[in-house]
Amino acid sequence: KCKFCIIPDMRGRLAARPIHAVLREAEKLVEAGVRELLVISQDTSAYELDRKHDTHPWQGREVRSHVEDLAREMGKLGAWVRLHYIYPYPHVDRVVEAMAEPETGLLPYLDIPFQHAHPDVLKRMARPAAAAKTLDRIAAWRAIRPDITLRSTFIVGYPGETEAEFQTLLDWLEEAQLDRVGAFKYENVQGARANDLPDHVPDDVKDDRYARFMETAQRISAAKLAAKVGTTLEVIVDEVDDEGAVCRTNSDAPEIDGNLFV
């Protein structure tokens, strides 16, 4: 069993739950037999900024309402713990350090919504435009935990995206060597600010860029998976039938990553 453990709303202003409430929910789920917890929010790395990182009692001590404390405490509960929607803020380094501690269930896995790599595209998306610094963060995380799995999702064909900007994304992906990658072709969404941006990319160009992006991502993935041949991996079993078992490694979130078959 796995369980999605929701912290704040997924859209709008951050409105976080107090840390002891989240930890108690997670504890009860583990007591009920849940073996994997997925922590999901609009921005998990910004957990409790709206509460100014206040403290709450938990198991006889005070814990901060902070993603580092949340990760460390959930990692002690006896289940796999997987963090989603983490942005590459400097304090995430300490979360990765927690992943390297012995006897922790905190998986060496981060889901980071990079979205793009070119600073001008990121500005049009109203996202932090620091793609070069994210490569430094990735290198720092891999220095702490060499086996960390990094997954992300990207948008191709965002309004105004030039061929040069798209090539920057491909070059960044080659350097970042992410483990799990998905992509979407931009489409208008009712009420979205991006609908009114100029220079929308033609559908045939979006199709071509999507194919080129996924070809690059799949080549990187194939090489990373080939390097695991001959190794022994701990897995979680999701399903058993007459033909065998459907499992996942700690590098594979349910429904969005891959499966391992026994």
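Brief remarks on what is shown
- Compared with the alpha-carbon gap, the fully stretched path from GLU255 to GLU25 is longer by 80.5 nm at 0.36 nm per residue.
- By a 1.4 Å probe calculation restricted to protein chains, ASP50 has an accessible surface near 70 Å², given to the nearest 10.
- Cross-link table LYS123/LYS224; LYS206/LYS228; LYS52/LYS133; LYS123/LYS206; LYS28/LYS224; LYS133/LYS224, entries beyond 28 Å C-alpha to C-alpha: LYS123/LYS224; LYS206/LYS228; LYS28/LYS224
- Estimated vicinal HN-Hα couplings, Hz - the stretch 90-98 in sequence order (Karplus 6.51, -1.76, 1.60; Gly, Pro = x): x, 5, 5, 3, 6, 5, 5, 4, 5
- Positive-end extreme of charge dipole, the chain - chosen from SER45, VAL235, ASN195 (charges on Cβ): SER45
- In this structure the stretch 168-258 gives 62 Å² per residue of accessible area when probed at 1.4 Å with all protein chains present.
- A simple spin-label model places pseudo-atoms 7 Å from Cα toward Cβ; at GLU103 and ARG193 they are separated by 4.8 nm.
- Calculated FRET value between ARG127 and ARG219, using beta carbons and R₀ = 30 Å, to 0.05: 0.70
- Percent antiparallel among DSSP beta bridges (both partners in the chain, rounded to 5): 35
- Averaging the Cα positions of each part gives two centres, and for the stretch 123-175 and the stretch 14-33 these lie 32 Å apart.
- Rounded accessible area per residue of the stretch 69-150, 1.4 Å, Å²: 40
- Global form of the stretch 167-208, assessed from the alpha-carbon gyration tensor, a/c cut-off 1.5: prolate
- In terms of its C-alpha gyration tensor, the stretch 182-262 has a prolate overall shape, because the principal axis ratio a/c (a ≥ b ≥ c, square roots of the eigenvalues) is not below 1.5 and a/b outweighs b/c.
- Derived scalar couplings ³J(HN,Hα) [the stretch 32-37; Karplus, 6.51 cos²θ - 1.76 cosθ + 1.60; whole Hz; x for Gly, Pro]: 7, x, 5, 10, 8, 10
- Anisotropy class of the stretch 127-262 from Cα gyration tensor, a/c 1.5 cut: prolate
- Net charge dipole size for the chain [Lys, Arg +1 and Asp, Glu -1 on Cβ; Debye, nearest 20]: 800
- Share of carbon and sulfur in the accessible heavy-atom surface of the chain [1.4 Å probe, %]: 52
- If both residues of a DSSP beta bridge must be in the stretch 7-148, then about 40% of such bridges are antiparallel.
- Accessible surface of ASP196 - all protein chains present, 1.4 Å probe, nearest 10 Å²: 140
- Mean shadow area of the chain, taken as a quarter of the surface of its Cα convex hull (nm²): 15.7
- Shown are VAL30, VAL63, VAL262, whose ranking by accessible area with a 1.4 Å probe and every protein chain present, most to least, is VAL262, VAL30, VAL63.
The values are calculated or read from the model by the stated rules, or taken from the named source; none is laboratory data. Bear in mind the structure is a predicted one, so any value in this text is a computation, not a measurement. Neighbour counts run over all protein chains shown; Cβ positions are idealised from the backbone, glycine included. Just the protein is used for accessible areas: all its heavy atoms, side chains included, with ligands, DNA and RNA removed. Shrake-Rupley method; radii C 1.70, N 1.55, O 1.52, S 1.80 Å.
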